Structure formats: C-alpha cells, structure tokens
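The values are calculated or read from the model by the stated rules, or taken from the named source; none is laboratory data. Quick caveat, the model's predicted, so the values are computed rather than measured. Quick reminder, even Gly has a Cβ in these numbers, built from the backbone with ideal geometry, and neighbours come from all protein chains shown.
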C-alpha cells in the first residue's frame, strides 16, 4: 500500500529537480572543459569519475607511457591515474582512484612523504620513495609538478619504477666488487711472485756460492791428488755452479723489473751506447771485433733499464760470433716504417728505431719471437754460455717503455735486433 | 803492527774461510769471530781499554737476532764504537743495499768472494780503511 502523502511526493519531486539542475550544471561545466574528474562520496569511500574530453589525445599519450602518471587534488587524493601506475601497484585502477596517494607509499621510506608533497605544491620536486605493490615493495622515483587549471590546482606526479634500474645498479656494483676482488688477488699474487723470485734468488745464492768456493778449493789445493776423471768432475761442478750463479742473478734482475721504478729522464742513446761499449772493451779486443756506432737519438725512459736492454743485445752480438770471419757490430738509427716491420704504430714520426746488427751465427727466423721467452735458448750451452733470460729481460723493459723489439736473422749470416722506442713516454694520469 | 779484525758472521763455513785465507797474513790479526750483532756488542762492551778494541769490524748482512744493518746502526750511534771502521760483506749486494749501508755509516760494502784471490783483494781494500 502506498502510504506517502501528496506533500511528501512534492518534496521528493523538488529534491529530484534540484539534483537534475545540479547534474545539468555539471554537464555544462564538463562541456566547457572546466572539470577534469569528479569525486563522489559513497559508503565505500570515494569514487572518481574521469572524462574523455578535449584532452583525450594527451590521455592516450599518458596511457601509453612506461611511467605511472597520477594527479592529486590538494588533499592528496588521487583524481587521475593511468593504467601503468595501476600495473606498478598490481591493483585494479578502480581501487586506486579516489584513494590517498600516501596509502600506497611505504611509511618511513625516503624523505617524509607529507613534507615531500607539501614541497611539491610549491616547487618542482623529485624524490625516491618505496611503493606498496601487491605484497612487494618497489623503489620508485616521483616527479612532482603543480598544474594550474583555471582556479583549480592539481599536483601531477610522474612515477618511474626503479626496480630494473636498481637491479642493474646492484649487479653493476656486484660485478665491480668482484672485479676489484680479482684485481686485488692479482696484485697480491703478482707481489707474491715477485717476493718469491726475489727471496728464492737471494737464498739460492748462498749455497751456490758455497759450491763455487769449495769446488775451487778442491781444484786449487787437491787437484794433483785426483784422478783424471775426478778432475773432470770438479771442472764440471765449477762450470755448472758458475752458470747457476748467472742464472740466479738474471732471474733477480727480471723479477725486479716489476718493482716501482725511478723517474723518467731523457736518455741520449749515443752516449748510452758509448758507455756500454766501454764495458765490453776487453771482449771486443779479445774477439777482434769491429764496432761501428752511428749517431742515435734521444728518448725518454728509465736509463738504467735501457742500458740493460742494449747491454744484453751487445753481449749477445759479441757472444754468438762466427769463428770464420771478423765479427762486426753496427749500431745505427734507422727509419721507422711500421708497415715494413709489420707493426701498428699511431704515428711513425713519434718513434725512434735503433738497429743492432751483427754478422754472427744468426738463428732460424722461425724462432724470431720465441727467443724473447724466458729460458728460451737456441744454442747448445756447451758452445755458448748464457741463462736464456737476457732477451726476456730486454723485451720486458721495452714493453714497459711502450716500445717494440724485433729480431731478424739469416742463419749463419748474422742477426739484426730493432728496438723501436717512442720519443716521449705517455703520462700516467 | 797487524790490524785487529773481528768478523761477525753466522755461517760457520764463512768463518772458517776467513781463518783459511787470512791466518797466514802478517798484516791481519783475526780476533775470535762472533755470530751476530748482539754477540759483537757484548764483546765490545767487555773490552776494558780502548786500545784493545778491534781496528776493523766485518759484518755479514744476513744474520739472525741482529743483522748487519741493525748492528751498523747501533755502532754508529755509540760514542765509543762509532769511529771503528765497519764494513758490510754479503752474498748479494745490489744498489739498494749499498746505498742503505752507506747511509748507515758503512765504510765499504763488498760481495763475498769465491776464491783466494778474491778474498785477498777484499782484505787489501778493507785495510785501506783503517
């Protein structure tokens, strides 16, 4: 049964008319583009209705962004959100609209969120926060900008998911740490190796010297008492211990090359060669060798080390002589032709090439690179004494001087060693 | 008058070699050798009269307890012993060792010789310092 009175029905009609007018006003406002969205209060909280209006194109644009886009009203209520933001939070869009933005921010993450939003209303602000995404927490960057719409102000928030960037950063950091670890291990093992070489060589010298001393003793004091065979054995012991001594000294020199060095200086190579040849005066006259030294160049380098290189080359040239002819040794400056030498240099003009050429026994060119390896010897030791370290030392020094050393030879005819050195050493930063 | 020489050396072979090569020399009087720096200091402190101190101290570098360099440092900072010439002799002498020892006040740094001729030459050089 209908129990409502006429007056009641009239009041209801009046109220509905007012609601209709209100709705018409709203529609007008929407048509005029004055309204972006509206919030309707209901028992379940706020509901927000957004519009496909004149800014439709921008909305499509914003929908397609890889970033979250949100608009807040002055109370901090979300009045617009693109679906990307919803995906970030792993929630349906409808459960985001009309909620406070702060509901989705992990409390205590980053700067105080209230302050951040307050600042956002005054100025453009960027900040990192952590957002609640389903059961997870994701790192995100917020860019806050105030947007004025006639007399309305909204705060637009661009939300960038930092998860992958953080992950990349984390991995990068991890890899960096690992690299550093490996690097340290390498430094340590290098250091250990150098220590080992140094200690081993030092400590090896003691017993070798004893062998030298006492075998000489035997030879000097009791040689006559020994049988021919025994005398031969003693000679062999002396020869071996002498060789051992040379070997140890050379290893020591080689291992020391890794140690920090003296300052760079300008080295007059002509002058350096004069000094080196002086050291070999005796050997040169013994062998009746003819030595020609032409004007060389001045390069930047560690003088002591460069002396060692050319000392070794001259020593080899005077050692591996052919007995059938007068030994000759020519030291001269040559044109640097990287192409001809099969090298790749930044600019030929920045280098000086010093050639050390002899007419000795030479070597098979097949070995022209292996002769620079440690302990590589091409000649039987009975004929030619040596440790097999000299050229390895030379190469290591030239490498450290950013240069190149090349060996060319015709077996039985002679050898030529070319040392190509930059005039200037690169500066360490 | 023979020069009084004291050897500070932990290696018994090397101590014997000193006796072997130098006991015949008229210009050298070997004092009984000691085996490290501490023993040397003890020995020197027990010498009553300055005129009985050694004229020359020969130090091995590599010794237990107190090595050559440390001994040198002590000697050169001691008013009574600092004027006695002290030399270092070692199996291995590199530039660094020579410079270090010279800075500490060594009169000479020598490599241990390997034969009679080498030993005699070394002692001749040492005696020049006295």
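Let's see how each residue does on (1) touching a residue at least 12 places away in the same chain (Cβ under 8 Å); (2) part of a helix (DSSP H, G or I); (3) more than 9 Å from every other protein chain (Cβ to nearest Cβ); (4) crowded, with 17+ Cβ neighbours inside 10 Å:
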| residue | (1), (2), (3), (4) |
| --- | --- |
| A:205 | yes, yes, no, yes |
| A:209 | yes, yes, no, yes |
| A:221 | no, yes, yes, no |
| A:236 | no, yes, yes, no |
| A:239 | no, yes, yes, no |
| A:243 | yes, yes, yes, no |
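A single entry from A:194, A:141 fulfils the requirement of being closer than 25 Å to residue A:65 by Cα and surrounded by 11 or more Cβ atoms within 10 Å (Cβ to Cβ): A:141. Among the residues making up the stretch A:362-391, a single one is modelled with pLDDT of 85 or more and under 20 Å from residue A:243 (Cβ atoms): A:391.
Every residue, every condition in (1) under 26 Å from residue A:85 (Cα atoms); (2) modelled with pLDDT under 90; (3) surrounded by fewer than 17 Cβ atoms within 10 Å (Cβ to Cβ); (4) within 14 Å of chain B (Cβ to nearest Cβ), yes or no:
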residue: A:117; (1), (2), (3), (4): yes, yes, no, no
residue: A:166; (1), (2), (3), (4): yes, yes, yes, no
residue: A:180; (1), (2), (3), (4): no, no, yes, no
residue: A:189; (1), (2), (3), (4): no, yes, yes, no
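Within the stretch A:19-29, not a single residue is modelled with pLDDT under 80, on the phi > 0 side of the Ramachandran plot and surrounded by 10 or more Cβ atoms within 10 Å (Cβ to Cβ). Considering (1) under 23 Å from residue A:403 (Cβ atoms); (2) in contact with a helix residue (DSSP H, G or I) (Cβ under 9 Å, 6 or more places away or on another chain), the lone condition that residue A:332 does not fulfil carries the number (2). Scanning the stretch B:10-29 for residues that are surrounded by 17 or more Cβ atoms within 10 Å (Cβ to Cβ), under 22 Å from residue B:125 (Cα atoms), in contact with a strand residue (DSSP E or B) (Cβ under 9 Å, 6 or more places away or on another chain) and within 14 Å of another protein chain (Cβ to nearest Cβ) gives B:14, B:15, B:18. Within the stretch B:76-114, how many residues turn out to be under 21 Å from residue A:201 (Cα atoms) and part of a loop (DSSP other than H, G, I, E, B)? Looking only at that region, the number is 7. Looking only at the stretch A:343-375, residues that are assigned to a loop (DSSP other than H, G, I, E, B), touching a residue at least 12 places away in the same chain (Cβ under 8 Å) and farther than 17 Å from residue A:415 by Cα come to 5 in all. Restricted to helices (runs of 4 or more DSSP H) entirely inside the stretch A:258-340, those with at least 2 residues that are at pLDDT 90 or above and closer than 24 Å to residue A:372 by Cα are A:269-279, A:303-319. Tell me yes or no: at least one residue of the stretch B:91-98 is at the interface with another protein chain (Cβ under 9 Å from one of its Cβ atoms), surrounded by 19 or more Cβ atoms within 10 Å (Cβ to Cβ), at pLDDT below 95 and over 26 Å from residue B:45 (Cα atoms). Yes, there is a match, as at least one residue in the stretch B:91-98 is at the interface with another protein chain (Cβ under 9 Å from one of its Cβ atoms), surrounded by 19 or more Cβ atoms within 10 Å (Cβ to Cβ), at pLDDT below 95 and over 26 Å from residue B:45 (Cα atoms). For the stretch A:74-95, a tally of residues being free of Cβ contacts under 8 Å to residues at least 24 places away in the same chain and either over 19 Å from residue A:63 (Cα atoms) or part of a loop (DSSP other than H, G, I, E, B) (or both) returns 2. One residue stands out in the stretch A:52-64 among those that are surrounded by 13 or more Cβ atoms within 10 Å (Cβ to Cβ) and closer than 18 Å to residue A:85 by Cβ: the one that is modelled with the highest pLDDT, namely A:62. With respect to the conditions (1) touching a helix residue (DSSP H, G or I) at 6+ places or on another chain (Cβ under 6 Å); (2) closer than 26 Å to residue B:16 by Cβ, residue B:105 falls short on a single one, namely (2). Scan the stretch B:30-41 and give yes if some residue there is assigned to a strand (DSSP E or B) and buried (at least 17 other Cβ atoms within 10 Å of the Cβ), otherwise no. Yes; the residues of the stretch B:30-41 include at least one that is assigned to a strand (DSSP E or B) and buried (at least 17 other Cβ atoms within 10 Å of the Cβ).
Among the conditions (1) at pLDDT 90 or above; (2) more than 9 Å from chain B (Cβ to nearest Cβ), the only one that residue A:225 does not satisfy is (1). For the stretch B:99-118, filtering for residues that are buried (at least 19 other Cβ atoms within 10 Å of the Cβ) and within 12 Å of chain A (Cβ to nearest Cβ) leaves 3. For residue B:7, the conditions (1) within 14 Å of chain A (Cβ to nearest Cβ); (2) free of Cβ contacts under 8 Å to residues at least 60 places away in the same chain; (3) surrounded by 12 or more Cβ atoms within 10 Å (Cβ to Cβ); (4) under 19 Å from residue B:121 (Cα atoms) all hold with the exception of (1).
Scanning the stretch A:257-264 for any residue that is under 30 Å from residue A:294 (Cβ atoms), in contact (Cβ under 8 Å) with a residue 12 or more places away in the chain, more than 14 Å from every other protein chain (Cβ to nearest Cβ) and surrounded by 11 or more Cβ atoms within 10 Å (Cβ to Cβ) turns up at least one such residue. Residue count for the stretch A:123-142 satisfying the condition of being farther than 19 Å from residue A:164 by Cβ and in contact (Cβ under 8 Å) with a residue 24 or more places away in the chain: 0.
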